[in-house]
1. Which number in (1) surrounded by fewer than 18 Cβ atoms within 10 Å (Cβ to Cβ); (2) not in a helix (DSSP H, G or I) marks the one condition that ASP252 misses?
2. Looking for something free of Cβ contacts under 8 Å to residues at least 40 places away in the same chain, under 21 Å from ASN122 (Cα atoms) and out of contact with any Asp or Glu (no Cβ under 6 Å at 6 or more places or on another chain) - is there at least one such residue anywhere in segment 232-239?
3. Take the residues in segment 206-215 that are at pLDDT below 90 and in a helix (DSSP H, G or I); name whichever of them is surrounded by the fewest Cβ atoms within 10 Å (Cβ to Cβ).
4. For the condition small (Gly, Ala, Ser), crowded, with 23+ Cβ neighbours inside 10 Å and either touching a residue at least 40 places away in the same chain (Cβ under 8 Å) or within 24 Å of ALA231 (Cβ to Cβ) (or both), what is the one hit in ALA121, ALA98?
5. Here is a list of conditions, (1) modelled with pLDDT of 90 or more; (2) in a helix (DSSP H, G or I), and LEU116 meets all of them except one; can you say which number that is?
6. Among the residues of segment 259-281, which ones are under 25 Å from ASP323 (Cα atoms) and touching a His at 6+ places or on another chain (Cβ under 7 Å)?
7. For SER86, are the conditions met, namely being surrounded by 14 or more Cβ atoms within 10 Å (Cβ to Cβ), modelled with pLDDT under 85 and not in a helix (DSSP H, G or I)?
Amino acid sequence: MTYEQTNHILFSPIFVNYLLILLIQYRLDFIVSECQSISMKTQEMPYFALAPVAILLAVLLSGCSFFISSATLEMADNLSQTILNSNDLETVEAGAPAYLLMLDSMLERNPEDEPLLRTAANIYTAYADVFVQNGDRAKKMTDKSLDYALRAVCVHDSSFCSIRSINFKDFKHQISQCRPKDVPALFTLGSSWAAWIRSHRDDWNAVAEIARVEAVMQRVVEIDEFYQGGAAHVYLGILASFLPPALGGRLDVGRQHFERALEISGQKNLMIKVLYANQYARMAYDRDLHDRLLHEVIEAEPNVPGYVLSNTLAQQKAQELLDSADEYF
């Protein structure tokens, strides 16, 4: 496999932008439960830095008691919708670092809080893949996201504490034992691991771990294919389509995963079609499918509640792919 092929696996700029969906789909309910837990342990009020409104509409100006108020509960509940329905990617980019620091601070106090570990892993993963261009910085952020994900699965089930170091046969057996209750931790591990591999793609030992990511996402699909709007199908579609059939690519399998992801999402998530066109249609050299998918994206109404931000980005990427189609095909 060449270096260029490796980059194509699940490392295209369009795919990593898809991970933004993971960032904006995670609700902040954990903040409320976390603060309630802290308030039971101490009367001291912790203070955090102000987070810009696009990322954190509420701020711990008066400690965790601020989050426990009914007004703040409503604000926390509305935060994810505010981000999902924003069409201003730059504001999200500018505001996210303050939120990341707040997560780190919470984990300093509660290092074995599984929901908080998973949320931190998911947010670090999405932010690094979508916004961070500097390679060294991306490595640092994905090192942290994978560490959080591995800690989360270890807290969730102690039998997973050595999941990364065991041989692949034992790894697959361990993953096969997962049940519905394990899906959130399992999916977080897979997505964080994929981002870590991307940022360390100059290390062939890291690239060799792709098979583990595929095993994780396959198990997620087997248990609950609807989790995160069918996101595991998108990963599997890309993994099956990144090579031509002559080199082991499974294009038919890839297409099935993309089609299923569209079905699960109700075709509301336009980014799936962009990835379908970029990863599958281009590899299959199917210009008709490629152009049809992208024109559908551009002509679609992006202002679908819950998908405005990702759909706006999808339309930008769709136009870029159409503009380069003559040269590619």
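The values are calculated or read from the model by the stated rules, or taken from the named source; none is laboratory data. Note that the structure is a prediction, hence the values are computed from the model and not measured. Please note: Cβ atoms are built from the backbone with ideal geometry, for glycine as well, and neighbour counts cover all protein chains shown.
1. It is condition (2) that ASP252 fails.
2. Step one: of segment 232-239, the residues free of Cβ contacts under 8 Å to residues at least 40 places away in the same chain are 233, 236.
From the residues that got through so far, the ones that are under 21 Å from ASN122 (Cα atoms) too are 233, 236.
Pick out the ones that are also out of contact with any Asp or Glu (no Cβ under 6 Å at 6 or more places or on another chain) and you get 233, 236.
Yes, the conditions are met somewhere in segment 232-239.
3. Checking each candidate, the answer is ALA206.
4. On the way: ALA98 fails: crowded, with 23+ Cβ neighbours inside 10 Å.
ALA121 is the lone residue from the list that is small (Gly, Ala, Ser), crowded, with 23+ Cβ neighbours inside 10 Å and either touching a residue at least 40 places away in the same chain (Cβ under 8 Å) or within 24 Å of ALA231 (Cβ to Cβ) (or both).
5. Against the list (1) modelled with pLDDT of 90 or more; (2) in a helix (DSSP H, G or I), LEU116 comes up short only on (1).
6. The initial filter retains those residues of segment 259-281 that are under 25 Å from ASP323 (Cα atoms), namely 259, 262, 267-281.
Within segment 259-281, ALA277, ALA281 meet the criteria.
7. Working: surrounded by 14 or more Cβ atoms within 10 Å (Cβ to Cβ): yes; modelled with pLDDT under 85: yes; not in a helix (DSSP H, G or I): yes.
Taking the combined requirement at face value, the residue satisfies it.
Listed here are the residues, each with its yes/no results for (1) in contact with a Phe, Trp or Tyr (Cβ under 8 Å, 6 or more places away or on another chain); (2) of a type in the set (Lys, Arg); (3) surrounded by 18 or more Cβ atoms within 10 Å (Cβ to Cβ); (4) within 18 Å of VAL130 (Cα to Cα).
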residue: ALA284; (1), (2), (3), (4): no, no, yes, no
residue: ARG287; (1), (2), (3), (4): yes, yes, no, no
residue: GLU299; (1), (2), (3), (4): no, no, no, no
residue: ASN303; (1), (2), (3), (4): no, no, no, no
residue: ASN311; (1), (2), (3), (4): no, no, yes, yes
residue: GLU320; (1), (2), (3), (4): no, no, no, yes
